[in-house]
Amino acid sequence: LEPCDLLVLGLPHGGAMGRINEFTEMADRIIDLSADFRLGDAQAYVEWYGKAHSAPGWLGRFVYGLPELFRQQICGARYVSGVGCNATASVLAVWPLFAAGLADPGRDLICEVKVGSSEGGNRAGDATHHPERARAMRSFAPTGHRHTAEILQALALSEADDYASVAAHMSATAVDNVRGVLATAHVFVKAGVSERDLWRAYRQTYRDEPFVRIVKEKTGVYRYPEPKILSGSNYADVGFELDERTGRVVALCAIDNLVKGAAGSALQSLNLMCGWEETTGLGFPGLHPV
């Protein structure tokens, strides 16, 4: 590789950490799309990835590349990590509830994500072969999904309440799609929280976000977020519904895992790092109804 201004790494997990010193000599700024530098704690990496990090000193030097939460830190940063697609959808679904202090810190967060085959990468396998995958709805990570660590890390940063001790659980189900993630999260809110409070929290959190839209309609086919209409776009559609009987909020987020969940989010961070307009190169509205 030749020296450059900014290097975007798309290596398999583990590939960037082993060569990070080499890469930093090639470029002043780096975006790593793998999971190598997403977690800020070396022990957390061991817990969730089952092995020691080979460059633990670099973990705290990378900014977590989710602009909706870490825009100020990304602006002007030298090193930014990619974000897991399931973590992106899950965090964006519930973030307003935690940022506004509406979530009950004594209750667990439960996320269930439905994902397309492209989440498994570009290597063919028995589970991703579409003649086998067609019409399948397969639970492949009922517990222990690694993106859970990213959700925990993000929620602990909320300043509105003490959410550092909140337990988060994620289950992942493979469905008959090529691309797309739909996160369905269950959050118990504090007593007295109304639907008006929820609207206020979501609007205040996302009103200035160029790629987050609130989708919550009373009629029509697309009443709630739907990955199908986001294919090829960098948009994240979020929605919610309050179960007043139990105080449970069902929070939803749909994204294209290959764009907002990967390359698009990286480009969004790149624009911020370079001081360019954040939406540059990301205005494509999507492939639907193709």
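At a glance:
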read-out: The stretch 42-60, subset farther than 26 Å from Asn122 by Cα and free of Cβ contacts under 8 Å to residues at least 24 places away in the same chain, residue surrounded by the fewest Cβ atoms within 10 Å (Cβ to Cβ); value: Gly57
read-out: One residue from Thr128, Thr143, Thr184, Thr205 being of a type in the set (S, T, N, Q), at pLDDT 95 or above and in contact with a helix residue (DSSP H, G or I) (Cβ under 6 Å, 6 or more places away or on another chain); value: Thr205
read-out: Residue in the stretch 46-60 that is under 24 Å from Thr88 (Cβ atoms), in contact with a Gly (Cβ under 6 Å, 6 or more places away or on another chain) and of a type outside the set (Ser, Thr, Tyr) present; value: yes
read-out: Of residues in the stretch 247-267 being of a type outside the set (Gly, Ala, Ser) and touching a Phe, Trp or Tyr at 6+ places or on another chain (Cβ under 7 Å), the one farthest from His186 (Cα to Cα); value: Lys260
read-out: Near pairs, Cβ below 8 angstrom, 6+ apart or cross-chain, from the stretch 255-277 (among the acidic types (Asp, Glu)) to any residue that is not in a loop (DSSP other than H, G, I, E, B); value: Asp256/Val181; Asp256/Pro227; Asp256/Leu230; Asp256/Gly264; Glu277/Asn271
read-out: Of the criteria (1) under 16 Å from Ala149 (Cβ atoms); (2) in contact with an Asp or Glu (Cβ under 8 Å, 6 or more places away or on another chain); (3) in a helix (DSSP H, G or I); (4) of a type in the set (D, E, K, R), which one Arg38 fails; value: (3)
read-out: Which listed residue is touching a residue at least 60 places away in the same chain (Cβ under 8 Å) and within 15 Å of the chain's Cα centre (by Cα), from Leu198, Leu252; value: Leu252
read-out: Tally, over the stretch 146-162, of residues that are touching a helix residue (DSSP H, G or I) at 6+ places or on another chain (Cβ under 7 Å) and at pLDDT 85 or above; value: 7
read-out: Complete set of residues in the stretch 119-146 that are in contact with an Asp or Glu (Cβ under 9 Å, 6 or more places away or on another chain) and closer than 19 Å to Ala254 by Cα; value: Met137
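The values are calculated or read from the model by the stated rules, or taken from the named source; none is laboratory data. If you're wondering where the values come from, they're calculated on a predicted model, not measured in any experiment. So basically every Cβ, Gly included, is an ideal-geometry build from the backbone, and we count neighbours across all protein chains shown.
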